[in-house]
Amino acid sequence: VEFSPLINRLIEDLRCLPGVGPKTAQRMAFHLLEHDREGANRLAATLIEAVEKIGRCGLCRTLSETKTCSICQDPRRDRTRLCIVETPADVHAIEHVTGYRGLYFVLMGHLSPIDGVGPNEIGVNQLKVRFKECTFEEVILATNPTVEGEATAHYLAEQVRAHGMRPTRIAHGVPLGGELEYIDGGTLSHAFNGRLDIE
Ligand SMILES: [Zn+2]
């Protein structure tokens, strides 16, 4: 079916969202145009503002619209512990289901040499700067229990040790190949709190 050029463009652009195929994009486009033009305007305005204003926290790299995010700014956080995760969604998950009150560092991905993602791309330089500025009693490696996440955790463990600090790894209960943000709260909480020293 051929739609008008602008409708086609809308459908095509909606497909940049994860998990949205041609059919879903088409449904979304018609929903907005037929039933929710106000919502569409709000969405468009928010998208523009979010993309313009949301950057990275200078300390932990998570998404933030201030130079330093609210967690890094919070004086009540335990500054002797650093938890390294792959995504801002992981920070959210850990905050909600564990009693963790330390700081974070967000890699925004994992090592993946095949895709050209090396230490620089996941912020290891920035992490080393933090290791020089602060001494953490524990650095928790909470990358996903996938092949890439495990490889990343082992690489980071070496860096942590090289700076004279103690790396730990989240424990059992997290299914292999799983992603933290999709794991149920009880399982994540158990795995997080049962973390072990990493070899
Ligand atoms: Zn931060």
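The residue of segment 93-123 that is farthest from His163 (Cα to Cα), among those that are surrounded by fewer than 18 Cβ atoms within 10 Å (Cβ to Cβ) and within 15 Å of the chain's Cα centre (by Cα), is His96. Only a single criterion out of (1) in a helix (DSSP H, G or I); (2) crowded, with 17+ Cβ neighbours inside 10 Å is not satisfied by Pro145, namely (1).
Table: residues versus (1) over 18 Å from the mean Cα position of the chain (by Cα); (2) among the charged types (D, E, K, R); (3) over 30 Å from Arg101 (Cα atoms).
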{"residue": "Glu34", "(1), (2), (3)": "yes, yes, yes"}
{"residue": "Gly39", "(1), (2), (3)": "yes, no, yes"}
{"residue": "Arg42", "(1), (2), (3)": "yes, yes, yes"}
{"residue": "Leu47", "(1), (2), (3)": "yes, no, yes"}
{"residue": "Arg56", "(1), (2), (3)": "no, yes, no"}
{"residue": "Cys60", "(1), (2), (3)": "no, no, no"}
{"residue": "Thr66", "(1), (2), (3)": "no, no, no"}
{"residue": "Thr80", "(1), (2), (3)": "yes, no, no"}
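Go through His35, His31 for me and flag whichever is surrounded by 12 or more Cβ atoms within 10 Å (Cβ to Cβ) and without any contact (Cβ under 8 Å) to a residue 40 or more places away in the chain. Checking each option against the conditions leaves just His31. Consider segment 93-133 and keep the residues that are in contact (Cβ under 8 Å) with a residue 60 or more places away in the chain and assigned to a loop (DSSP other than H, G, I, E, B). The one that is nearest to the ligand (Cβ to nearest atom) is Gly123. If only residues of segment 66-92 that are among the charged types (D, E, K, R) and within 13 Å of the ligand (Cβ to nearest atom) are counted, the one that is surrounded by the fewest Cβ atoms within 10 Å (Cβ to Cβ) is Asp74. Could you go through segment 171-180 and let me know if any residue there is modelled with pLDDT under 95, surrounded by fewer than 13 Cβ atoms within 10 Å (Cβ to Cβ) and within 16 Å of the ligand (Cβ to nearest atom). No, that holds for no residue. Being at positive phi and out of contact with any Phe, Trp or Tyr (no Cβ under 7 Å at 6 or more places or on another chain) is a property that Gly164 has. Answer with yes or no whether Leu63 is free of Cβ contacts under 8 Å to residues at least 60 places away in the same chain, in contact with a helix residue (DSSP H, G or I) (Cβ under 8 Å, 6 or more places away or on another chain), more than 30 Å from Ile170 (Cβ to Cβ) and surrounded by 11 or more Cβ atoms within 10 Å (Cβ to Cβ). For Leu63, the condition - free of Cβ contacts under 8 Å to residues at least 60 places away in the same chain, in contact with a helix residue (DSSP H, G or I) (Cβ under 8 Å, 6 or more places away or on another chain), more than 30 Å from Ile170 (Cβ to Cβ) and surrounded by 11 or more Cβ atoms within 10 Å (Cβ to Cβ) - is not met. The condition (being among the aliphatic types (A, V, I, L, M), touching a Pro at 6+ places or on another chain (Cβ under 6 Å) and in contact (Cβ under 8 Å) with a residue 12 or more places away in the chain) is satisfied by just one residue among Val139, Val85: Val139. Residue count for segment 51-69, restricted to those that are of a type in the set (Gly, Ala, Ser) and part of a loop (DSSP other than H, G, I, E, B): 1.
If you go through segment 100-125 and pick out every residue that is closer than 16 Å to Leu141 by Cα and not charged (D, E, K, R), you end up with 15. Out of Ile170, Ile122, one residue alone is within 26 Å of Ser70 (Cα to Cα) and in contact with a Phe, Trp or Tyr (Cβ under 7 Å, 6 or more places away or on another chain). It is Ile170. For segment 11-65, residues that are more than 16 Å from the ligand (Cβ to nearest atom) and either at positive phi or not basic (Lys, Arg) (or both) total 37.
The values are calculated or read from the model by the stated rules, or taken from the named source; none is laboratory data. This is a predicted model, so every value here is computed, not measured. Note that we place each Cβ from the backbone using ideal geometry, even for glycine, and neighbour counts take in every protein chain shown.
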